[in-house]
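Chemist: Before I ask anything, here is the structure I am working with.
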Amino acid sequence: LSRAHPIWISLSSDAAPGMATLVAFCHVLTAAFSPTGLVAPRPAVTVSPAAAMGVRMVAAPEVYDTFVQSQPLVRQKIKDVGPSATKGGLAGIVAAAAAVGYVLTPSSRILVNAVGGAATGALGLVARKRLAEERRETAATAVAALLSRGLSKVSADEVAAVAEQYGVPRPRFQKQLGELFLVYLGACLSSSEILTSELSELLQLKSLLKLSAAQVGTQAYAAGRQVYSRHRAYLEDSEPSDSKQILTKFIFLAERLISKDESEEGYRYESMRAQRLFGLSAEEWAERAESCAIPFYEKTLASAVLSGVQATADQLGSVRGSLGVTQPTADRLHASVYSTLARSLIKPEEASAAQLSAEARAKLDATAQLLQMSDEAAAAVVAQLTEPLYEAAVSRAVAELEDMPLADEAACAPILGALTRRQEQLGLTREGCAALEAKVMRARAAERLSEAARALRVQDVNGAVACVDKMLDLCGRSATLLGESTGALYNDLGAGVMREADVLSLYRLELLHCLTDMNVDTVEQAKLSTLRGVLGLSPSAAARVYEAAAGPMLRRVIDEAVAKPLSEEAKDTLAAARRGLDLPESAAADIAVAAYTKKLAAMAPDGKIPTEAQSTELNELRDFLDLSVGQVYAAHKETFTAAYRKSIKEVMDTEGAIPDEYWEGLDKLRERLGVSPETAEG
């Protein structure tokens, strides 16, 4: 060919203008028949060291420029010459080769020169077939060259036109485009650094190449196989590694790419085979994919909410959709960034100086709309910051309330005013503040109860009573402050603070303290009523405790009274004690009957029949104790049944008719013994 170069020049300038194309195509022929022109190995696409270190993104122009440079020389020459030149060269290559053979054959005979032309013509036919195939393969190189200019500088129509320019059938061209997509996806997976710019370029590339969802899924799976092949040893290791980070990046990119499939079945197929490749469940796959998206969405939220970058709710929704952030996760992230903004506006670290201004409230409302948070969710976030501040104000108010010598309405007015102002500063509702006030005050009362229980366990009676009194005083003062009843604020507080045994013991201790003078006055009754409510003591349980405490006191008074000669003065003292102790009538009667029975047993040991004087004394004692005859029948029956039965037997043993005076004697004996007619009849 080098020897024929003048001939090519002559042909192009004098004989046939169309042959001028073959002058340039000569270089293609040289590359085509060079030892490495068609079989030059295609090196793996590499990226810059900075990109490999995750410092910057893997840029598509760089990847495809490297790809073009890695192609065999013949394809580069075909691309440089252009599809039109190669097409024209292919059309005339057989004739040109025959002409060259004819001219170069060293013979003066026309027949010999014809044979030489035929031989080189056959070689030209072989070259034509090989170059036609290379021309079709060069379509991928040509598309890569277009992409190396920058994805934004290329249109889908330009890419599609390459197929016709290089004579590539559509199925084959689509396969080439899919492989080009895999080139960039594989380059992205050479680094573990996850960048949304790479995802954006992948999606843009999919659109430029007009790849179907199935094609993208196929290339994503192929990229997964590459990752598995290269990093398998490290992926199976239990230690963290860069390979595992690359796998996570693959999951994120693959999920975002295949999720664009509008067919649910198509998406399920592509995701499931990728999951099986790495032995992951659908839940693990989704969790790892979303974990990659969360940091990017957090940055977006920080820019829009904290940095003041203009954004709309629709734009945030679009970002969520692109990143694959689920709604529950988005709600959590929204609440977090909203809380950060609220904290910066309220400044809770400033304690009593912190407040929610009108401007801050307006900004929070606008942000809640941007984040599409419900009123309840936004209020809950703000409440987490403002409620502790109000609780602190209530705690200060309680401390001040406890220290006041007198806590009437006038004295409580300044404290209540301060709480009202704090409520307005923090933008809280009255209902919310009421709940917080009750919470703080119940907590303080619970502390007092706990202190009383601890004192009780170490038998510090005075300390326990003092703690109970302080607690009850706090209950009264706080009720005055808030205009509430103590029951509404403190009922059933003890159930969550003390054991049941401690509740009963504490109530009994306070009751005994009130009964020191054997009289529960109106103030003490109110105190005990409040204590019962605070401790959550049922009426029946309270009655049992009261009887257990007051009963022995009444018994002691009665025992002391009957041990002395009975008198009206002693009877009045006993009546006063009964009124003061205010025991239930049945309980007081039982105690009196017990005292009467004791005296009866002393007068009639072993059922001895009492004398008339003793009977008279027993009747006086019964009247003194304010007992009826019927109330002591049981005691007399227990004591004198044997004696009365003996008397009846003696009468019955009389021979002949029993005289009437015997029956009259039995009636008198029954009356003396205090046995009821029914018992006697029996």
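The values are calculated or read from the model by the stated rules, or taken from the named source; none is laboratory data. Only a predicted model underlies this, so the values are computations on that prediction, with no experimental measurement involved. Note: ideal-geometry Cβ built from the backbone for every residue, glycine included; neighbour counts use all protein chains shown. Please note that ligands, DNA and RNA were not included when accessible areas were found on the heavy atoms of the full protein model with its side chains. Shrake-Rupley method; radii C 1.70, N 1.55, O 1.52, S 1.80 Å.
Chemist: Could you list, in sequence order, the residues of region 333-354 that are surrounded by 12 or more Cβ atoms within 10 Å (Cβ to Cβ) and either at pLDDT below 95 or of a type in the set (K, R) (or both)?
Modeler: Those that are surrounded by 12 or more Cβ atoms within 10 Å (Cβ to Cβ) and either at pLDDT below 95 or of a type in the set (K, R) (or both): R343, K347.
Chemist: Quick check: is even one residue across region 518-531 within 18 Å of V394 (Cα to Cα) and at pLDDT 85 or above?
Modeler: No, because not a single residue in region 518-531 is within 18 Å of V394 (Cα to Cα) and at pLDDT 85 or above.
Chemist: When the residues of region 444-459 are narrowed to those that are open to solvent by 30 Å² or more (accessible area, probe 1.4 Å) and farther than 16 Å from A479 by Cβ, which ends up nearest to the chain's Cα centre (by Cα)?
Modeler: It comes out as E447.
Chemist: With respect to the numbered conditions (1) aromatic (F, W, Y); (2) within 17 Å of A254 (Cβ to Cβ); (3) open to solvent by less than 30 Å² (accessible area, probe 1.4 Å), which one is the sole condition not fulfilled by F296?
Modeler: (3)
Chemist: Just give me the residues in region 516-546 being assigned to a helix (DSSP H, G or I) and of a type in the set (D, E), in sequence order.
Modeler: D517, E524
Conditions tested, residue by residue: (1) touching a residue at least 24 places away in the same chain (Cβ under 8 Å); (2) hydroxyl-bearing (S, T, Y).
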residue	(1), (2)
L456	yes, no
A464	yes, no
A479	no, no
Y490	yes, yes
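Chemist: For region 599-610, what are the residues that are open to solvent by 50 Å² or more (accessible area, probe 1.4 Å) and in contact (Cβ under 8 Å) with a residue 12 or more places away in the chain?
Modeler: The initial filter retains those residues of region 599-610 that are open to solvent by 50 Å² or more (accessible area, probe 1.4 Å), namely 599, 601-602, 605-606, 608-609.
If the condition is that a residue be open to solvent by 50 Å² or more (accessible area, probe 1.4 Å) and in contact (Cβ under 8 Å) with a residue 12 or more places away in the chain, then K599, A601, K608, I609 are the ones that fit.
Chemist: I'm trying to understand the selection: among the residues of region 478-515, which are at pLDDT 85 or above, open to solvent by 30 Å² or more (accessible area, probe 1.4 Å) and in a helix (DSSP H, G or I)?
Modeler: Once the filter is applied, which keeps residues that are at pLDDT 85 or above, open to solvent by 30 Å² or more (accessible area, probe 1.4 Å) and in a helix (DSSP H, G or I), region 478-515 yields T480, L482, E500, A501, L504, S505, R508, L512, H513.
Chemist: Give A613, A604, A635, A642 a once-over and let me know the one that is touching a Phe, Trp or Tyr at 6+ places or on another chain (Cβ under 9 Å), small (G, A, S) and over 26 Å from E547 (Cβ atoms).
Modeler: Of the residues listed, the single one that is touching a Phe, Trp or Tyr at 6+ places or on another chain (Cβ under 9 Å), small (G, A, S) and over 26 Å from E547 (Cβ atoms) is A604.
Chemist: Right, another one. Any residue at all in region 163-170 that's in contact with a Phe, Trp or Tyr (Cβ under 8 Å, 6 or more places away or on another chain) and either open to solvent by 30 Å² or more (accessible area, probe 1.4 Å) or without any contact (Cβ under 8 Å) to a residue 60 or more places away in the chain (or both)?
Modeler: yes
Chemist: Sticking with this structure for a sec: For the subset of region 144-154 comprising residues that are in contact (Cβ under 8 Å) with a residue 60 or more places away in the chain and open to solvent by less than 20 Å² (accessible area, probe 1.4 Å), which member is farthest from the chain's Cα centre (by Cα)?
Modeler: Selected residue: A144.
Chemist: Regarding region 330-338, can at least one residue be identified that is under 17 Å from the mean Cα position of the chain (by Cα) and either within 30 Å of L472 (Cα to Cα) or not in a helix (DSSP H, G or I) (or both)? Don't jump to the end; show me each part of the working.
Modeler: Filtering region 330-338 for residues under 17 Å from the mean Cα position of the chain (by Cα) gives 330-338.
This time we only want the ones that are either within 30 Å of L472 (Cα to Cα) or not in a helix (DSSP H, G or I) (or both), so: none.
The answer is no, given that none of the residues of region 330-338 is under 17 Å from the mean Cα position of the chain (by Cα) and either within 30 Å of L472 (Cα to Cα) or not in a helix (DSSP H, G or I) (or both).
Chemist: Which of the residues that make up region 358-400 are hydroxyl-bearing (S, T, Y), open to solvent by 30 Å² or more (accessible area, probe 1.4 Å) and within 25 Å of the chain's Cα centre (by Cα)?
Modeler: Correct list: S374 only.
Chemist: Here's a follow-up. Taking the residues in region 580-598 that are open to solvent by 20 Å² or more (accessible area, probe 1.4 Å) and not in a loop (DSSP other than H, G, I, E, B) as candidates, determine which candidate is nearest to V523 (Cα to Cα).
Modeler: E585
Chemist: For region 417-428, indicate whether the set of residues that are farther than 22 Å from A351 by Cβ and either surrounded by fewer than 15 Cβ atoms within 10 Å (Cβ to Cβ) or within 26 Å of the chain's Cα centre (by Cα) (or both) is non-empty.
Modeler: Pass one, region 417-428, residues farther than 22 Å from A351 by Cβ: none.
Within region 417-428, none of the residues are farther than 22 Å from A351 by Cβ and either surrounded by fewer than 15 Cβ atoms within 10 Å (Cβ to Cβ) or within 26 Å of the chain's Cα centre (by Cα) (or both).
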